[in-house]
Amino acid sequence: MSTPTHQESAADVVGSGEGLHVPVERFQMKQLLAINPNYFGTLTESQLSPVVKLAGNTTYEELTCVGYNPATTVLEATVAVKQNGGYSGTLCGPGSYEYVRFYLDYGAGWEDAGVASINVHDIADGTDCAGQPWFPLSYAASLQLSPHTSPCSWPRLPKVRAILSWQTIPNDPDFTPVWGNVVETTIQIKPRSWFLVEVVDQLAELNQVKLTLPDDLAYAEKIPLPQPDPGPLSLAELAKVYAGGQVKATGDAAAKTEAAHEVAVPSHRFGFSELLQYTQASSTSAKTFEAKVGQWKQAGLDWSEAVKALLDSDGDVDYEELECLGLNNTLDRVEATFRVKRSTGYGGTLCQSGSTEYVAFWAVFDDDDCDWTYLGTANVQVHDIASIPDGGISYAAALPVDLTHQRRECGSPRVVRLRAVLSWATPPSTTDADEVPYWGNRIDRHAQIAPGPVVPPGTVVPLISIIGGIPVHQIDANGVTTPTAHFSLLGGSTTADPEALGRPCPFARVVAVQGPAYVGHSYRVQVREVGSPSWQTLNQNFTVTDQFGNDSVQSAVGDYYPSLDDTVNQDNLLAVWSTADDTLWEVKLDIAGIAGDDGHKVQLHNTAPVAEIHINPLAGDCSKHTVGTVLDGTYVARDDYLSSYSLGTLPFAAPAGQLTPTGALVQTPLGGSVWTLDTGTPADMQPCGYVLALAVSSRAIYNSSPSYRSSPASVGFCLDAPA
């Protein structure tokens, strides 16, 4: 392949772009990197000379925010897509991917938290109903986190580094993207319950005595102790805490913080809920009002001055501020990121109840009248944290949203205007999108809704959106995944084929069925083997998770399940199917009282891969040999949907080149293949007992997640030192 010149046009490559010139460094980036991995000079340690210096370019996309929801343990990133072309094709094609890799630092260095992705395309310029241009389009990606936790007295505030990279997945925390950028922030992990041993240690520290658990209680050292949720602090308690503007740090936080932040919290902040109750009340008796004013005076507070200060407040962002908003097309969620800026003023520490930040979400779906549609409100609990860093703490709020009636075919991009309103301590209006909160702010963005079946508003149509973790449009007519198939969960960055080669993958064991919510209706999911005259109804109980991370059980009433709102069932799980064979099946959804159904084919593959290995019969399995002997034998590694197989020796690996093969991506013939092992010299393979291990993996999607079944086989032998 000849190296392209910088003057070549990308029009035939990108497919759209309204005349936008896409440079060769963009549309042939992968080919250029294949020629020279350091083509753009992004490798810090490389013998290869760069051809074009290009790094951290945000012309086409930019990572704008990163936030975290402590209750749901979800990390979220917002990405602005800025151009109408340069994303490898329109919505009717596969497009390209924006990858966001997250790293966390709890104080001992960066730890890989995983990758999320966003599928992006070329979308022609347009304007909304108010004449505002679509671009930039705001997308969101999220990733479930398994955080390190600690009790409430030791705030966990890890740093997060998020790396955005178009078309290439970042592979280390110092990765430099060609197209993309890096964002760092601090997040707060939800405290866990105290362990018994920690309580004992705290009592010992307070009483300055040595305490230890009795031997017969040693087993309970790490058992979490149940504790009731703390109640809110009273006005008098808040006045006492905030009058001097100091929140005392404890534990490790005290050691790491020179002094608590000495910033007084005004009374119209910590007394906000009471002030609002009386200033917005339709009627209040003079006696009740006088009693409230007296309570404030007794706490050393001036009610009148606080009311004046509150009425002068208009979108105050001194304490918290909404920064980013986007649409997660992988999970059908609107996601917003806000920053908590101060150490005090949030109603108590992590060991107390704290306060609530509310985020209301709105959208303009009508292209003609620009009316706002209220989508719902999410909330996040926040607290006083003395050890807050200078840059504050980033939080995220997400809300599942039903976009069934908003989708269009791929040839007609659907772009909508979104709004998020942040309000501290009291929910924002659900009827007036323009209302300005006392504490908080609002932001607007444009977002592109993923294409799909067109369902007119007001109609109910049975639809299955995801089967076995894979969107149904990425499952072909033969019931296996398409070459570009990705899992819908886990950030949407994981390919169905574990080797990322685009090979077809069937399904195994538990197959989850997901689809839109049909609130007010009941639905039924049925399956049958292709060719069978009768359907089997799926009506077993299964667990669903709400938007706050709480679990509940979904039960069928007869053959039908009552549909759950997506705030209660955030993954839109409709049914689970326990499978056992290797045949082609059909899955069908119908809704009680609604004509029609939605059906899809699913190829099952539950048989485990075949793995066998033997030493040449002349020597035999478990035989003894002298170092220097060349061993050989046969092995079988077979699966109709083989992912890969590997060969290796234990406990010490054979030197490179002395064991052949070491693996492959294609199954062996029925009779197997031959392996050879040159045991070399004692310097190569020391005298010892060895195992030659074979592992054969299938690419059948197991339990609706990127886990795959593997079969092991091994044979032993011994090596003696040469005479």
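Details
- Extreme residue, farthest from residue 529 (Cα to Cα), among residues of the range 598-630 that are open to solvent by 20 Å² or more (accessible area, probe 1.4 Å) and of a type in the set (Val, Ile, Thr): 626
- Residues that are more than 30 Å from residue 341 (Cβ to Cβ), touching a residue at least 12 places away in the same chain (Cβ under 8 Å) and among the aliphatic types (A, V, I, L, M), drawn from the range 164-219: 169, 178, 196, 197, 199, 200, 213, 217
- Enumeration of residues in the range 91-116 that are surrounded by fewer than 21 Cβ atoms within 10 Å (Cβ to Cβ), in contact with an Asp or Glu (Cβ under 8 Å, 6 or more places away or on another chain) and closer than 25 Å to residue 137 by Cβ: 95
- Checking 440, 376 one by one, the residue that is buried (at least 21 other Cβ atoms within 10 Å of the Cβ), at positive phi and touching a residue at least 12 places away in the same chain (Cβ under 8 Å) is 440 and no other.
- Single condition residue 651 does not satisfy, out of (1) under 24 Å from residue 710 (Cβ atoms); (2) surrounded by 15 or more Cβ atoms within 10 Å (Cβ to Cβ): (2)
- Residue 376 vs. criteria closer than 18 Å to residue 548 by Cβ and small (Gly, Ala, Ser): yes
- For the range 401-422, filtering for residues that are open to solvent by less than 20 Å² (accessible area, probe 1.4 Å) and basic (Lys, Arg) leaves 2.
- Scan of the range 668-692 for residues that are surrounded by fewer than 20 Cβ atoms within 10 Å (Cβ to Cβ) and of a type in the set (Ser, Thr, Tyr), ordered by number: 673, 676, 681
- Any hit, the range 170-193, residues being assigned to a helix (DSSP H, G or I), in contact with a Leu (Cβ under 7 Å, 6 or more places away or on another chain) and more than 30 Å from residue 62 (Cβ to Cβ): no
- Only residues that are β-branched (Val, Ile, Thr) and either over 25 Å from residue 158 (Cβ atoms) or open to solvent by 40 Å² or more (accessible area, probe 1.4 Å) (or both) were counted in the range 176-215, giving 7.
- Set side by side, the residues 71, 80 differ, and just one is at pLDDT below 95 and either open to solvent by less than 10 Å² (accessible area, probe 1.4 Å) or of a type in the set (A, V, I, L, M) (or both), which is 71.
- Listing of helices (runs of 4 or more DSSP H) fully contained in the range 244-346 that carry 1 or more residues being closer than 30 Å to residue 399 by Cα, at pLDDT 90 or above and among the basic types (Lys, Arg): 267-270
- Only one of the listed residues (519, 527, 461) is out of contact with any Pro (no Cβ under 6 Å at 6 or more places or on another chain) and either under 30 Å from residue 609 (Cα atoms) or not in a loop (DSSP other than H, G, I, E, B) (or both). That residue is 527.
- Within the span defined as the range 37-47, one or more residues are free of Cβ contacts under 8 Å to residues at least 24 places away in the same chain, of a type outside the set (A, V, I, L, M) and either surrounded by 17 or more Cβ atoms within 10 Å (Cβ to Cβ) or at positive phi (or both).
- Identity of the residue in the range 293-333, of a type in the set (S, T, N, Q) and farther than 25 Å from residue 241 by Cα, that ends up least open to solvent (accessible area, probe 1.4 Å): 328
- Residues of the range 560-596 satisfying the condition of being open to solvent by 30 Å² or more (accessible area, probe 1.4 Å), out of contact with any Ser or Thr (no Cβ under 7 Å at 6 or more places or on another chain), over 19 Å from residue 403 (Cα atoms) and not polar (S, T, N, Q): 580, 581, 584, 586, 588, 593, 594, 595, 596
- For the range 532-546, the criterion of being in contact (Cβ under 8 Å) with a residue 40 or more places away in the chain, outside any strand (DSSP E or B), open to solvent by 60 Å² or more (accessible area, probe 1.4 Å) and touching a strand residue (DSSP E or B) at 6+ places or on another chain (Cβ under 6 Å) is satisfied by at least one residue.
- Residue identified as open to solvent by less than 30 Å² (accessible area, probe 1.4 Å), modelled with pLDDT of 95 or more and of a type outside the set (Val, Ile, Thr) among 637, 695, 664: 637
- Residue count, the range 466-490 (criterion: open to solvent by 20 Å² or more (accessible area, probe 1.4 Å) and under 15 Å from residue 707 (Cβ atoms)): 2
The values are calculated or read from the model by the stated rules, or taken from the named source; none is laboratory data. Just so it is clear, the model here is predicted, and its values are computed rather than measured. Counting neighbours? That spans all protein chains shown, and the Cβs are built from the backbone with ideal geometry, glycine included. Just the protein is used for accessible areas: all its heavy atoms, side chains included, with ligands, DNA and RNA removed. Shrake-Rupley method; radii C 1.70, N 1.55, O 1.52, S 1.80 Å.
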